[in-house]
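The values are calculated or read from the model by the stated rules, or taken from the named source; none is laboratory data. It should be emphasised that the depicted structure is a prediction, and the values quoted were computed from it without experimental measurement. Don't worry about glycine lacking a Cβ; one is built from the backbone with ideal geometry, like all the others, and counts go over all protein chains shown.
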Amino acid sequence: MKRRIASGAAVGLALSLGLVTGCTEPGPVATPTPSGPASSWTAPPRITSVSVAADGLTVRGLADPGGRVVLRQEAGAAYAASSDDDGRFEIRMAAPAEDLLLIPEAQVGQDAVPAPEQLLILRGGNGPIVLLRPGRASLRLDSAPVLAAIDSDGRVLLASGRTGSTAQSVPVSVGSAPVMNAIPDADGRWTAVLNRAGAGGVTVRVRGAAFDYPGDSAASGGAFSAERAGSGWRVRWKGAAGAPQTTWLPDRGS
């Protein structure tokens, strides 16, 4: 059974997240088994930013002070670093040649405490960089337009983005439905739940800007994939308990 992104009637509004720095030690590491008593006491790491430079990428975030942080793929190389006394960590890596989906973990001995979200880096950082968060709005970490992402579980659309921190409300509409006003948080991040029937395309307007959402009708199963769709990227990935999720990420210039 699919886990719904959100439930309820027409529109729901919600909030989102933050930013920070740290230490380094990239390279292949062993992948521990995500189990054991450490998970009761160790917090999973939280990614706060990803910066792109000519010599590669730097992932920053927060974890337990002095802890070991690993960014691992389901198969392939992993990247690791230790957090400093303030819990800040920094992991440097060469820009990946292909799309990269990473699971952040705190490592304690042979135990691993995975974070609920996954870090997606498209086109070596030249495309969107986003935290895919099961049951919640995806969080763009790159320079995104006012509509940063549309998440779907096949039943509802969850639109989200970021605007100026002084904005009191963000007008949002889908198709011919009435305009709603999403309330941004202190960082200017906003979320709006859009009910809609079917899985086809629809126009979403945010602060007067039109975004042609291409739909998630081509989605099948929960295997990861990323493809061009309209003026953006359509990503298929696995949410909680392997439920298929679809996320559309508009281009930065949209």
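Brief remarks on what is shown
- The range 105-119 - residue that is surrounded by 18 or more Cβ atoms within 10 Å (Cβ to Cβ) and charged (D, E, K, R) and, of those, nearest to L139 (Cα to Cα): E117
- Listing of strands (runs of 3 or more DSSP E) fully contained in the range 149-222 that carry 2 or more residues being aromatic (F, W, Y), at pLDDT 90 or above and closer than 21 Å to R133 by Cβ: 209-213
- Elements of the type strands (runs of 3 or more DSSP E) sitting completely within the range 1-94 and holding at least 2 residues that are modelled with pLDDT of 95 or more and closer than 30 Å to W190 by Cα: these cover 46-53, 56-62, 68-72, 88-93.
- Residue match in the range 133-151 (condition: within 9 Å of the chain's Cα centre (by Cα), over 23 Å from V174 (Cβ atoms) and crowded, with 19+ Cβ neighbours inside 10 Å): yes
- Look at (1) under 14 Å from the mean Cα position of the chain (by Cα); (2) farther than 29 Å from G253 by Cβ; (3) part of a strand (DSSP E or B) and you find that V130 fails only one, number (2).
- Selection within the range 146-174 - closer than 17 Å to S231 by Cβ, in contact with a Phe, Trp or Tyr (Cβ under 7 Å, 6 or more places away or on another chain) and among the β-branched types (V, I, T): I150
- On inspection, W237 passes the criterion of being buried (at least 19 other Cβ atoms within 10 Å of the Cβ), modelled with pLDDT under 95 and not basic (K, R).
- Residue match in the range 93-104 (condition: over 20 Å from W248 (Cα atoms), surrounded by fewer than 22 Cβ atoms within 10 Å (Cβ to Cβ) and touching a residue at least 60 places away in the same chain (Cβ under 8 Å)): yes
- Candidates P178, P145, P171 - the one that is within 19 Å of Y213 (Cβ to Cβ), assigned by TED's automatic domain parsing to the domain that holds A243 and touching a Pro at 6+ places or on another chain (Cβ under 6 Å): P145
- Every pair of residues 6+ apart whose Cβ atoms lie under 7 Å, when the first sits in the range 48-65 and is under 12 Å from P104 (Cβ atoms) and among the charged types (D, E, K, R) while the second is surrounded by 20 or more Cβ atoms within 10 Å (Cβ to Cβ) and at pLDDT below 95: R60/G22
- Sole residue being in contact with an Asp or Glu (Cβ under 6 Å, 6 or more places away or on another chain) and under 28 Å from Q245 (Cβ atoms), chosen from A81, A106, A112, A97: A112
- Residue that is nearest to T246 (Cα to Cα), among those in the range 153-176 that are crowded, with 16+ Cβ neighbours inside 10 Å and without any contact (Cβ under 8 Å) to a residue 40 or more places away in the chain: V174
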